[in-house]
Amino acid sequence: MNDDSTTLALADRLRRLADRLAPGDRLPSSRELVAEHQVSPVTVTRAIARLVAEGVVVTRSGSGTFVASRARRESAIADTAWQTVALADRSVGTDQITAALGPAPEGTILLDGGYLHRSLQPTGLLGSALARAARRIDAWDRAPVAGLEALRAVFARSVGGGVTAQDVLITSGGQGALSTAFRALAAPGSPILMESPTYPVAIEAARAAGLRPVPVPLDDGGIRPDLLADAFAMTGARLLYCQPTFHNPTGTVLAAERRRQVVDIARAAGAFLVEDDFARHLGHLGHGGPVPPPLVWDDRDGTVVYVTSLTKPAAPSLRIGALVARGPVLERLRALRRVDDFFVARPMQEAALEILGSPSWDRHLRTLSTVLRERCASAAAAVEIARPDWTLTRIPAGGLHLWIRLALGEDDLAVVRGARSRGVAVSPGRGNFAAEAPAAYIRVGFAAAADHAELSEGIRRLTASA
C-alpha cells in the first residue's frame, strides 16, 4: 500500500472512531496511533490534518486531538447546489463512461492508458536534463510568449519543409495545444469535423470550446475524402481535426494519395485543418515503411495548423508541445497563449532543449520503437488466439493501442466491467465516437504495462471467460 492510500485508510478509521465518540472527546495520541495501526508518525500527521480540514476533529497545542462539535462538522459541509443553476448547460467533458466505471482497484493491470510505463521512460535522461537546465543562470527568468527561440528552431527542423522557428509556438503539451487551437480557430456554436472514431479527449476539448463535433468516417486508408467533402458542404464547417499518422485509436496512417487531397478539400472549403501528430516518434521499428512527412510539411497556404508533443514518447509530466501555423492565425494563437498563462515554464523548455540535443534521446527512440513493435505483436497474437471471434482492425505500425471490434451482440461496457472484475483495465470504445458507434469496440494499450509478463497476464485476464 502506498503512502497516500495508507493515509486515507487511517483517516477513514479515525473518522469512524470520531463518529462513535461525543464532541469534545479526546482521540488517542499520535504515539498510540503509530503503535496501534503500525504506521509512521508522518502518516498519522497527514491523516489528522485531513480530518481537521473536514471539520471532524480539532487540535489543541500541547493537549491533543479532540472530536469537533456537531455544529462545526456540519458547517464544514458546503452547500454548492446553487452552482447547478449558475453553470446552466455549460458542461465540460464527456467522460461519464470512466466515471461510471470508477477507479481501478489496487493491483489492476492497466491496459487503458495512453502513456509509457515508467520502465519505458528515459528517466535518467529526463532527470539529468532537468538538473542541468535548472542550474542555468537564466533558467528562472521569464520566457517569451512564443517560447525559447532555440526550442522553436528544434521543433521547426523536426517538422521540415519550409517551417521556421517563427512559425512555431511552444505549448504546455499536446492537449493544451489542441484546446488553444480549437478556441482560436472557430467560434462557439460552430461545427468541427472529426474522424470517426477519434481521440476522445479531443472530442471533449471541442465541446469545451463550444464546438459541435461532426463525425466523418474512416476506412483502411484513413479519413474518406468523398465523405469529408460532403461534410464540409452540408455543415459549412471551417475546421477539421485529424490524426493522419498512427491514428488514435485505430492506428491508421492516412494513405499517400489522400494526404494532399484532404488538405486541398479543407483549403477549398476555406477551412483550417488541425493536424494532431502525437505519435510521430511512436513508430514500430521494422514494421511498415518510413513514417510519411506531416501534412504541414508542404502546406504553403496556412491551411494546416500542426500540433506535436514530447509527452507521449517521453513521460506524462514532460508537458512540452508545439503549434505550427502560418499567417494571421499564428498571432491569434500567440494572443491566447498570453491570455491563458503568459508562457510555458522556462525550466521545462530548457530541459526539453537538453533532451532533444542529447544523443541519448535518439537512442531512446530507437529502443522504444523496437519495444513497442514487440509488445504490439505479442498482444495482438494473444488476443487472436484467445478470442478468434474478436476482430483486430489492424496490426498498427505505430502508436500505443490495439483497436478491437467485439463479437456480434457483445457490449463494450459489459466486456470492460467483466475485465475489471478479473483485474485488468481496458477502455470501452464508445467514448471514441462523437455520435453513435456503428459497433462495439474496445481499446487495449500495450505500453502502460510494466513488462511483457504483465502485458501477457493482462491479455489473459481480458480474454478469459467471465
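Structure notes:
- The set of residues in the range 30-49 that are surrounded by fewer than 18 Cβ atoms within 10 Å (Cβ to Cβ) and under 19 Å from Ser69 (Cα atoms) contains only Ala49.
- Residue satisfying all of: in the range 1-29; more than 18 Å from Ala68 (Cβ to Cβ) and surrounded by fewer than 17 Cβ atoms within 10 Å (Cβ to Cβ); modelled with the lowest pLDDT among these: Met1
- When we screen Leu368, Leu372, Leu323 for residues that are under 21 Å from the mean Cα position of the chain (by Cα), within 14 Å of Gly173 (Cα to Cα) and not in a loop (DSSP other than H, G, I, E, B), the only hit is Leu323.
- Options Leu372, Leu408: the member that is of a type outside the set (Ser, Thr, Tyr) and either free of Cβ contacts under 8 Å to residues at least 60 places away in the same chain or touching a Cys at 6+ places or on another chain (Cβ under 9 Å) (or both): Leu408
- Out of Gly283, Gly321, Gly289, sole residue that is assigned by TED's automatic domain parsing to the domain that holds Met194, modelled with pLDDT under 90 and under 30 Å from Ala380 (Cβ atoms): Gly289
- Qualifying residue in the range 353-370 (condition: among the aliphatic types (A, V, I, L, M) and within 15 Å of Gly445 (Cβ to Cβ)): yes
The values are calculated or read from the model by the stated rules, or taken from the named source; none is laboratory data. A quick note: this is a predicted structure, and the numbers were derived from the prediction, not measured. Neighbour counts are summed over all protein chains in view; Cβ atoms, including those assigned to glycine, are modelled from backbone coordinates with ideal geometry.
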